[in-house]
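Structure record follows, encoded as structure tokens.
Each value in this text was obtained by applying a stated rule to the coordinates, not by laboratory testing. Remember, predicted model here, so these are calculated numbers, not experimental data. Please note: Cβ atoms are built from the backbone with ideal geometry, for glycine as well, and neighbour counts cover all protein chains shown.
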Amino acid sequence: MRLKSLSLIVAISVVPIAAHAQLTIDMASITCKQYLAMPPEQSRNFSSWMSGWFSYQTRRTFVDFLQHQENVAKVKAWCNYHWNESVMSALKATIGSQ
């Protein structure tokens, strides 16, 4: 009886650990409309992630915070007129290979 109880307790304690699912997001599929609708903190995090990814793709090994702010403003301005386009398209159209 004790063994069954102990086994049940162990099983119940392990189940929540296994229940944490990994979430995968295709960043290339985020549209301008979705990006502009993000809350400020989420938008900041998304912009930072995209900036880092884009810098990697263009082989830039430095961070210019003023340029980052300007680029975010450019992308958001472009997105205001191209709601159904992806944010990747906005990056390519506004920042290019700088």
* Inter-label distance for TYR56 and THR24, nm, one decimal - labels placed 7 Å from Cα along Cα-to-Cβ -> 1.6 nm
* Asked: What spacing in nm lies between the two simple spin-label points modelled at ALA93 and GLN67, each 7 Å away from Cα in the Cβ direction?
  -> 2.3 nm
* Structure fact -> Here the net charge surrounding LEU36, from other residues whose Cβ is less than 15 Å away from its Cβ (Lys, Arg +1; Asp, Glu -1), is +2
* Asked: If we sort 82-93, 47-58 on the protection proxy, mean other Cβ atoms within 10 Å, highest first, what's the order?
  -> 82-93, 47-58
* Asked: Label points 7 Å out from Cα along the Cβ direction at ALA37 and TRP83: separation in nm?
  -> 0.9 nm
